[in-house]
Ligand code: FCB
């Protein structure tokens, strides 16, 4: 009898706690969905000094690279990046497209494997080319925003274990310092690392990015090392130029429970959101990450770069191999990438990074849409949300559309088309999409104020 009573009490207590947990989460983490047909998405307001831009990354556009990614493409039999957009030879024409859109900021990344193809062997020519790009942008009235690591690095460094090994970090820091020395007289805004959580989870948990490992322990170790690399860089670059503006590009994916009444779905959602965002934001705020003290990480941001794409609906059985099929709410549209368009989440992502109390740069936002049917609405909705957020007082400096042109989309190869310009990869011809025309119009209208 006693045992039965005991079991009953434990069961009831568990149910009561579960119910309280669900009620708390439902109150604390609302998931707004707007009725877009009732919203005038054309009514947007931006400050006169707001910067309008586009973003790209070296491995996705330059072509002709040999690095961790090209090796991974070969070893996994993935589509090869190959010539990509041949941007390395066509960058002057491509920058013309930035001007054609009327943009005032451009985010791009430096390819370390060009600068140091073998350990300790430096090639000065590519750095000169990047320097020429910076000059060219400035002469067009476009602010260069430089990313030092956007998923790719030299093959030799990968062979040594890349970011998974703490002892490799000095190579990375030395490369970044070299670039900073060469460009910081003209480049003011720097992203140290692009989406460290995407890099670590895709490369070490899901195995979809190089090095293709599937180990939670390696993921956690790599996460800490990425935070260490960022923090060391912050300290080093600021000591060289105190007024430089150093940040990182943080992907904020929101995790919402598939069933908002399920304590299990809520538990998975909260855990994933903590690993995805909480651990990083906490690392910057407190100087500690995943139980370790990270030297220099406290306050190591002059701005936070926000990359926002979607929310994931979580449950007990989540895909663990990165399949392109995700759950969606009834009222949501799936993008070609397989995840839902959820512009309302953009505001939540902005609120989340606002806790850092530094200015925000939107370093990426866009959609895979080869037929350009969703992109106009996608763009308008996200800009509407952005305009509302600014109206509420958020300090948001810029918007960089991902991407300027179609490019090599990592594990998905050339199948995902994110460009304002469509690229014909046979002829390398670029054509402005309707959504590109729309963006140009919006930029023009909002710069006159
Ligand atoms: C982001 C990456 C960027 C691009 C977009 C679609 O996660 O930073 O390089 O692939 O997704």
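A compact table of results
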| item | result |
| --- | --- |
| Relative contact order (%) - the chain, alpha-carbon pairs under 8 angstrom, separation at least six | 18 |
| Three-way shape label, segment 31-447, alpha-carbon gyration tensor, a/c 1.5 | rounded |
| Pair residue 37, residue 71: separation of 7 Å Cα→Cβ label points (nm) | 5.5 |
| Segment 142-273 - convex hull of the alpha-carbon atoms, volume per residue in Å³ | 135 |
| Coarse-grained scattering of segment 335-413 at q = 0.19 Å⁻¹, given as base-10 log I(q)/I(0) from a Debye sum over alpha-carbon atoms | -0.87 |
| Segment 111-247, relative contact order [Cα under 8 Å, separation at least 6], % | 25 |
| Cα gyration tensor category, rounded, prolate or oblate, for segment 1-121 with a/c compared to 1.5 | oblate |
| FRET E, pair residue 8, residue 316, Förster distance 22 Å, beta-carbon r, rounded to 0.05 | 0.30 |
| Centroid-to-centroid separation of segment 389-430 and segment 75-139 [C-alpha atoms, Å] | 15 |
| Simple spin-label estimate for residue 445 and residue 165 in nanometres, 7 Å along Cα-Cβ | 5.5 |
| Alpha-carbon centroids, segment 11-50 and segment 156-229: separation in whole Å | 33 |
| Debye intensity ratio in log₁₀ form over the Cα atoms of segment 206-365, taken at each q of 0.09, 0.10, 0.18, 0.20 Å⁻¹ | -0.33, -0.41, -1.24, -1.41 |
| Mean-position separation - Cα centroids, segment 287-309 and segment 339-381, in angstrom | 21 |
| Relative contact order [Cα under 8 Å, 6+ residues apart], segment 237-284, whole percent | 28 |
| Rg/Rh ratio calculated on Cα atoms of segment 215-291 (Kirkwood radius) | 1.10 |
| The chain: antiparallel DSSP beta bridges as a percent of all, rounded to 5 | 15 |
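Coordinate-derived values only; no laboratory data. Here the structure is a predicted model, which means the values were calculated and not measured. Neighbour counts are summed over all protein chains in view; Cβ atoms, including those assigned to glycine, are modelled from backbone coordinates with ideal geometry.
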